[in-house]
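Trainee: Supplied in structure tokens, the structure appears directly below.
Values quoted throughout were computed directly from the atomic coordinates according to the rules given, and no laboratory measurement underlies them. From a predicted model like this one, the values you see are computed outputs, not experimental measurements. Because the Cβ atoms are built from the backbone with ideal geometry, glycine has one as well, and the counts that use them run over all protein chains shown.
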Amino acid sequence: MMRRQLVVLCAAVCGTLCGGVALATDISTKALLIKDNANTAKRKVQLKSKDGIILQADGVGAGTAGAVLHVYSATDDFCAVLPGGANWTNTGKQVKFKDPATKNLAKIKDGSLLVKIKSGVTYSLIDNGTQGTVNAQVQFGTGTRFCMRCTGNTKDEAEKFQAKDCVAAACDAEPSACPPVSPVKLQGALPVTTGRFNYNLTLGLPGADAACNSNFAGTHACEYSELLTAEAAGDLVGLQDTTSATVTSFWVIDLSNNSDINQCNDDAAMPGTPVAGANWQYGTAHTPSRGQRVDLNNLAGTLGAVQPPQQCNFSSRSVGCCL
């Protein structure tokens, strides 16, 4: 009977990289190795391809979205998710993942790719004796999804499956879909501010966006909806701002209305009449303009209920930086 075996290396909740719908591009396999052991901590999956069709550009977005490896046969089914984040580097010639804790490794460049999974491997050889044919599908970020298919032409026994120099061939149908990859939505947070944002000597959201981007490349000030996504992904646990201060609350930012009286809009000229594009620019209490906040349980990484609007100069809250 087919067993569903799964490991997700770090938190992963949203996005789609490995599924049973899209067709993969077939590439040749230089080496495919699976090692089993009664001590499951010593299991290992490793694959390597040297094929001219592979490009460094096929690793696009891996630093954010991560990578997925799906290895399966007639008897086993294993997914490994390498999450986006600080373990990724991109030199312009090579995109690489290296996790010092798990020893997992993945890299892609023009003409080659390599994946080594040494932690959390659930693929088992011992209980089946032989594998026959093993399929491997791998995708870096939002790049090309590659297929490698090998028979055990070097070794196929209860503790080791090894294949070398397999020609490009279409993979068998995936028995299941890998879990989705989770981009790390929230990259960090800016120091607390009153409702009159003045980051980078620029008022309002433009200043907050610029400060986020300068501290966490490619990010912007998080909307409330993005904070909810970050909460679901576990990104808020233990969050600190750029000064290493613990984050305990956020201003509630909503870009769907850029003239909202509840987002510290600079309505001073005509009190009660918000000005388009002037959110988070008001800092006193002389007009009806107010701001909403949401509290964060930093230890658990959970958000509370959105609180009623309060004076924009009454207290200071944090601003998250999201991709």
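Trainee: Under a plain spin-label model, where a point goes 7 Å from the Cα along Cα-to-Cβ, how far apart in nm are F314 and T25?
Mentor: Result: 5.6 nm between the two label points.
Trainee: Same structure, new question: Label the stretch 118-166 by shape, choosing from rounded, prolate and oblate, from the square roots a ≥ b ≥ c of the eigenvalues of the Cα gyration tensor; if a/c is under 1.5 it is rounded, and otherwise prolate applies when a/b is larger than b/c, oblate when it is not. All intermediate terms of the calculation are to be shown ahead of the outcome.
Mentor: Working: a/c = 2.83, a/b = 1.54, b/c = 1.84.
Oblate is the answer for the stretch 118-166, as a/c is 1.5 or above yet b/c matches or exceeds a/b.
Trainee: Ratio of the stretch 25-166's C-alpha Rg to 2.2 N^0.38 Å, to two decimals?
Mentor: 1.00
Trainee: Over all distinct Cα pairs, what is the inverse of the mean 1/r for the chain, reported as the Kirkwood hydrodynamic radius in Å?
Mentor: Hydrodynamic radius (Kirkwood, Cα only) of the chain equals 21.8 Å.
Trainee: Let me ask something additional. Determine by what factor the alpha-carbon radius of gyration of the stretch 186-322 differs from 2.2 N^0.38 Å, reporting the quotient.
Mentor: Relative to the rule-of-thumb radius for its length, the stretch 186-322 sits at 0.97.
Trainee: Please work out the Cα center distance from the stretch 51-122 to the stretch 262-323, rounded to the nearest Å.
Mentor: So the two Cα centres are separated by 41 Å.
Trainee: Kirkwood Rh, the stretch 257-301, all Cα pairs: how many Å?
Mentor: Numbers: mean 1/r = 0.0906 Å⁻¹.
Value: 11.0 Å, from the Cα pair sum.
Trainee: Just how many % of Cα pairs in the stretch 109-210 lie over 24 Å apart, if you round to the nearest whole percent?
Mentor: Here the tail beyond 24 Å accounts for 50 percent of pairs.
Trainee: Further question: On average, how much area does the Cα convex hull of the stretch 46-108 cover when viewed from any direction, in nm²?
Mentor: Answer in nm², one decimal: 5.1.
Trainee: Which value in Å is the Kirkwood Rh of the stretch 84-136 over different Cα pairs?
Mentor: 13.3
Trainee: Specify the residue with the greatest mean-square fluctuation among N128, N265, N298, computed from a Gaussian network of the chain linking alpha-carbon atoms under 10 Å apart.
Mentor: Judging by the Gaussian network model, the answer is N128.
Trainee: Determine the dipole magnitude for the chain: charges of +1 sit on the beta-carbon of Lys and Arg, -1 on that of Asp and Glu, nothing else is charged, the reference point is the Cα centre, and the result goes in debye to the nearest 20.
Mentor: 1220
Trainee: Let me have the relative contact order for the chain, percent, based on Cα pairs under 8 Å that are six or more residues apart. Walk me through the intermediate numbers first.
Mentor: On the way: 907 pairs, mean separation 59.6, N = 323.
18 percent.
Trainee: So what is the 222 nm mean residue ellipticity for the chain from helices alone, if each DSSP H run of at least 4 adds -39500 (n - 2.57) and you divide by all residues, rounding to the nearest 500 deg cm²/dmol?
Mentor: Counting only the DSSP helices, I get -2000 deg cm²/dmol.
Trainee: Starting from a Cα-only point model with no solvent, please compute log10 I(q)/I(0) by Debye for the stretch 179-251 at q = 0.13, 0.14, 0.21, 0.23 1/Å.
Mentor: The computed values of log10 I(q)/I(0) come out as -0.37, -0.43, -0.95, -1.13.
Trainee: When only alpha-carbon atoms count, how far does the stretch 213-283 stretch along each of its three principal axes, as whole angstroms with the largest first?
Mentor: 41, 25, 24
Trainee: Let me ask something else about it. In degrees, nearest 10, range 0 to 90: what is the angle between the Cα axis of helix 224-233 and the longest Cα principal axis of the chain?
Mentor: On a 0 to 90 degree scale, this one is about 30.
Trainee: Under 10 Å, Cα contacts only: if you run a Gaussian network model on the chain, which one of A269, A80, A230 comes out with the highest mean-square fluctuation?
Mentor: Result: A269 has the largest fluctuation of those listed.
Trainee: Return one number: the angle in degrees, 0 to 90 and rounded to the nearest 10, between the long axis of the Cα atoms of helix 204-215 and the longest principal axis of the Cα atoms of the chain.
Mentor: 40
Trainee: Using modelled backbone amide H atoms (1.01 Å from N, in-plane), which distant-in-sequence or interchain residues come within less than 5 Å of A189's amide H?
Mentor: Amide H neighbours of A189: T242, C321.
Trainee: Select from T144, T130, T91 the residue whose mean-square fluctuation is largest in a Gaussian network model of the chain (Cα-Cα springs shorter than 10 Å).
Mentor: Taking springs between Cα atoms under 10 Å, the residue moving most is T91.
Trainee: Around T248, what is the net charge, scoring Lys/Arg as +1 and Asp/Glu as -1 over all other residues with Cβ under 15 Å from its Cβ?
Mentor: Once all neighbours under 15 Å are counted, the net charge is -1.
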